[in-house]
Amino acid sequence: MSSKTAGTGTTKARTTKARTTKARTGIAAAALLTPFFALFTVAMIIPVGYAVYLSLFTEKQSGLGFDGPRTVFHGLGNYTAALGDEAFRDGFWVLLGYCALYIPLMVGGALVISLLLDTAMARARRFFQLALFLPHAIPGLIAALIWIYLYTPGLSPVVSAMESGGIGFDFFSSEGTLPAIVNIALWEWLGYNVVIFYASLQAVDRSLLEAATVDGAGNWRLAFAIKIPLIRSSLMLVLLFTVIGSLQLFTEPLILNRGSGSAVTSTWTPNMYAYSAAFERNDYGLAAAASVLIALVAALLSFVVTRFSNRKGARA
Amino acid sequence: MTSPTVVDPTAQLQTPNHRTGRAPVPAGRPTANRWLSKTAVNGVLLIAAVYTLFPLIWLVTAATKDAGNLLGGDVFSFEGFDLGHNLSELTSYQDGIYFQWYGNSLLYAGIGALGCSLVSVAAGYAFDKYRFRGKEKLFALVLLGVLLPSTALSLPLYLLAVETGTVNTYWSVLIPALVNPFGVYLARIFSAGYIPDEALEAARIDGAGELRAFWSIGLRMIMPGFVTIFLFQFTAIWNNFFLPLVMLSDRELYPLSLGLFNWHSNANADPTFYPMVVTGSLLAVTPLIIAFVTLQRHWKAGLTAGSVK
Amino acid sequence: MSHPWSRPIRTVVSALTALSALAALGACSGEGGQAPARGTAEDPVTLTFWAWTKGSKEVVDAFNASHDTIKVKFEEIPSGGLGGYPKIANAVKAGIAPDLLSIEYPQLSQFVSQGSLQDLSGFLTEDVKKKFLPQAVELTTLGGRNWAIPFDASPQVFYYRKDFFEKHDIAPPKTWDEFRTAAEKIKKAEPKTRIATFFPDDPTFFQAMAWQAGGQWFDTAGDSWRVDTTDPASVKAAEYWQGMIDDQLVSTASSFSPEWTGSLKQGTTVGYLGASWGAGVLSGIVTEQKGKWAAAQVPSWDAGRPASGMIGGSTFAVSKDSRKTAAAVEFALWMSTTEAGIKARIGASTSSALPAAPGLVPVARKAFDTSFFGGQDLYSLYEKAGASVDPDWLWGPSTGATNNALGDELSNVVGGSSTLRKALGTAHDATVADAKKRGLNVEDAS
């Protein structure tokens, strides 16, 4: 697709001569942007518009319902219904708890590991990076299946090891759901973020570090006073995508909800609520309204995060 | 590392502040202490690696087991070794439909990721190298796309596919896979980092058209970024089961992920599916793992949102 | 199909069934665009069929091999609760549903009450209905009309480790009182071992308990749905099982979870309150315990009156947009009521399903190897259990909402933060709210 556009564009571009005119770059920019925005329109803008449209309607039946539903205009009724539903609101509290647990663990953990990798004492750096990164290649579905097994009391060597170590913990209980999901997400994404942090650490000017060492800075001081401030832009980037990723939380809790014994409910996160409304209760209007609300919250949150990071002078 | 040196643009800005601070800690430490910290550092790294690797080991050992030992025995062993049987089940079930799925996945992920990377790089390049009206607003629109929950899009996409008669065809899965706003975001950063404006200027002076400059110079220079976007989009398409689940009903068109999800859902009532799911999963992640191992250089370089010096 | 649904339909009176069948027949013949029942060998009627049960593809292959005027295109979908039903609902909404659908009894009412299915009363004549277990026909009849062709009946029975019960000198329980006593004895003999599992993830397990106790959660009266999940029988069942859970006399693993199967393997779960199809599943999980298991009627509240509820079980229904109703029904009846159809399915799997057509039970009996149960005649037991199923139970219009709410609450119950009695109320409220929201007439009986 792209090569075609480039081909026709080139002949056109050749007719005008070398000087960079505004029109010429305008045409080039348009030609390069068109394929993406055409697809973006088809696969995102139109569906979103459609979702907003759907969110304004509801289906009504009568009697025993044998004759099927009629679609009727519902105004903002689906929005008030979603907001008025405790299950939907609870989903956001769950997410808040999830973020409170997950984000510090993820960002802190990835930072510590990458700083350790960056010290002169670390060995086999390539191996460690790769080993930490590999879970990222595992589909969420399979990751959830693996961890369900590793959470199952009576089967899991991990649970029994924890028990014999005196820290018995039931990942399937209602207190255990949050740690259980956080752990799966951590497992999937830790290495990814370590690689990002480590690569930025590698980019830190070596002479700077040497100078600090000559000045007598130890490893701790090197890490906290020099390295971390220097990779703040990566830190903000990771933070932003971790927050957005948290809002998308879906596959792993869904698999845990079905047939594992976990106390994860069918409307545990807002996304699951939308899924359940659309696909289990066939309430498409409500599902669309819930989805629109989730997207709004996501937009708001990322706005806040980027604002926060911009003010700090970091650039992604 | 042989990858291009990646430098964080903020690094230089901050330099002076920290040089002025004098550290009170005296240089030079006892060797015993040093040995201790070395052990500690590598010990922590080792623990982290064990944490990420041992579930993968589970996948390998579990794939060798029959249903009984998988669900009852000690999975981290090779007791009840039945890999041959599991593999033959996989090949023989419904005339080897599994490998048809495998082929489909290669098709969806291969073409989808290739198309997506090209389209994203073209757009990212345009965002980086050109100035036009409403650019940042347009870019913000792209970023908003990153935020949309995929579950929110699937139902409208399905209804649209029905309207256009593309439901239950390759297109219904392939076209949405070509779009990844995050890819454009990355491509813009890569373009800034990998393609120096001087190189383009030189091409222009040589008389190359704008699109030719992109095609023969820009695209070549941004290759590590291209590979990164390709690799991550490939993984995303390969692992996505939700969109195919909504779109496809013809088994012949299924990607692996959906086929495995189907089997997993069946395993609930028929545990003989369990070994097929697990063995199938192992085979499914193998190409991804190989790709990530062999292309390490590229994605590691690509992952850093920095710039080439 | 356009039925003048404004006229009041009287309650489920079997005498009226024939009448409404005639009315439906009239409606069908008046409708244009229906394909003939069969095509010709050159131009066969081609049906699309969605199912997920193992053996479906083999049945379709067998049918296509032996028929040339009707051809079936089979498409495998994920199992119902994990994506199959949403897929069906989406396709119906989009107007591209396949002709024939495999739907389980609990979800059938929901699809019917959403107007997704065709009235098959015209095809289910008395002669056809006679071929089926009456309970199965009742479950597919709503508002006096027939909506689906039953495939299997799935009465609950009690599978248990015969060797364990004999070793500890415990008789298989006949009543729930005996069941409790047996559970206590088992726990005393082996503190880590439990008599059976209360499945918190599968609401139909608990529903089968309420059903068996004589509960009747849903019904139609005129053109209203009646919902009453808190009748005395259901409350009795809830209180009994609450006691069993509180006293830790049963385990609370999820159905077919690694936890559950693991405990079977390790011998710490020595019984399974499962449906007829459970025998095939069980023998697939713990193959090495071959010969150690036996099956008995599920315990009842009254020793003199055995009773059973059903768990799962599937039917075939025709989607409302299909123009090939007659051909679809013919194919469905072939699957459910002919020897070739049953053989093709059971031959392809190790299913211990009980055909809903009693005449075909011998075929299934012959096909299923019962050596896992020491050669016990399981099918005689299933037939007895099937006959003891309370025919009054109906499924409601909002199974998705009911069972989601119930399922979520059940995990709280086993977690200790709720009770089964409360869960009954939750299920009730969720159902009524959903039905009302959809605009259905609903009579709140409690």
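Some observations on this one:
- Shape of the protein assembly as shown, Cα gyration tensor, a/c cut at 1.5: prolate
- Between helix C:399-415 and chain C there is an angle of about 10 degrees, using the helix long axis and the longest principal axis of the Cα atoms.
- The antiparallel fraction among DSSP beta bridges confined to the protein assembly as shown stands at about 70%.
- For the stretch B:133-148 versus the stretch C:353-403, the gap between their alpha-carbon centres in whole angstrom: 58
- C-alpha center-to-center spacing [the stretch C:250-291, the stretch C:115-134] in angstrom: 35
- Fluctuation leader among C:E166, C:E383, C:E239 - chain C, Gaussian network, Cα springs under 10 angstrom: C:E166
- Charge-dipole axis of the stretch A:79-311 as Lys and Arg at +1 and Asp and Glu at -1 on Cβ define it, positive-most pick from A:I231, A:L256, A:V94: A:I231
- Overall form of the stretch C:208-339 per C-alpha gyration tensor (a/c, 1.5; a/b vs b/c): oblate
- Between A:V72 and A:A100, the simple label model (points 7 Å from Cα in the Cβ direction) yields a spacing of 4.2 nm.
- Taking every full run of DSSP H in chain A, the ones that stretch at least 27 Å from end to end by Cα along their long axis and average -0.5 or higher on the Kyte-Doolittle scale are A:86-118, A:177-203, A:284-311.
- Relative contact order of the stretch B:93-308, pairs being alpha-carbon contacts under 8 Å that are 6 or more residues apart, as %: 33
- C:A171 paired with C:R305, simple spin-label distance in nm, labels 7 Å along Cα-to-beta-carbon: 2.2
- Long-range Cα-Cα pairs in the stretch A:135-238 (distance over 16 Å), rounded percent: 69
- According to the Kirkwood relation over distinct C-alpha pairs, the hydrodynamic radius of the stretch C:290-331 is 14.9 Å.
- Relative contact order %, the stretch A:79-311, counting alpha carbon pairs below 8 Å whose residues are six or more apart: 29
- Computed on the stretch C:63-115, the Cα convex hull volume stands at 102 Å³ per residue.
- Overall dimensions of the stretch B:185-245, expressed as equivalent-ellipsoid semi-axes from the Cα gyration tensor (√(5λ), whole Å, largest first), are 32, 11, 8.
- When chain A is treated as a Gaussian network with alpha carbon springs shorter than 10 Å, the biggest mean-square fluctuation among A:V107, A:V159, A:V214 belongs to A:V214.
- Gyration tensor (alpha-carbon) shape descriptor, the stretch A:79-311, a/c threshold 1.5: oblate
- The ranking of C:D392, B:D128, B:D197, C:D434 by Cβ neighbour count inside 10 Å, starting from the fewest, reads B:D197, C:D392, B:D128, C:D434.
- Taking amide hydrogens as placed 1.01 Å from N in the peptide plane, the amide H of A:D215 sits under 5 Å from that of no residue at least 5 positions away in sequence or on another chain.
- Shielding by partners, peptide B:284-294 (average Cβ within 10 angstrom, other chains): 3
- Summarising the overall dimensions of the stretch B:93-308 from its C-alpha atoms, the Rg and Dmax are 19.8, 69 angstrom.
- Residues B:F81, C:F111, ranked from the fewest to the most other C-beta atoms within 10 Å, line up as B:F81, C:F111.
- Across all Cα pairs in chain C, the calculated P(r) in 20 Å bins from zero up to the longest distance comes to 25, 57, 17, 1 percent per bin.
- A straight line joining the Cα centroids of the stretch C:152-204 and the stretch A:60-136 runs 40 Å.
- Counted by neighbouring Cβ atoms within 10 Å, the residues C:R145, A:R123, B:R212 run from fewest to most as A:R123, B:R212, C:R145.
- Derived scalar couplings ³J(HN,Hα) [the stretch C:111-118; Karplus, 6.51 cos²θ - 1.76 cosθ + 1.60; whole Hz; x for Gly, Pro]: 5, 5, 6, 9, x, 8, 10, 9
- Degrees, to the nearest 10: C:339-348 long Cα axis against longest axis of chain C: 50
- Database remark: amide H of C:A221 closer than 5 angstrom to the amide H of C:R226 (H placed geometrically; neighbours at sequence offset of 5 or more, or on other chains; Pro and chain starts carry no H).
- A helix-only calculation puts chain A at -21500 deg cm²/dmol for mean residue ellipticity at 222 nm, using -39500 (n - 2.57) for each DSSP H run of at least four residues, averaged over all residues.
- Cα long-axis angle, helix C:325-337 against chain C (0 to 90 degrees, to the nearest 10): 30
Taken together, the values in this text are just the output of simple stated rules run on the coordinates, not laboratory data. Worth saying up front: this structure is predicted, and the values here are computed from it rather than measured. Note that we place each Cβ from the backbone using ideal geometry, even for glycine, and neighbour counts take in every protein chain shown.
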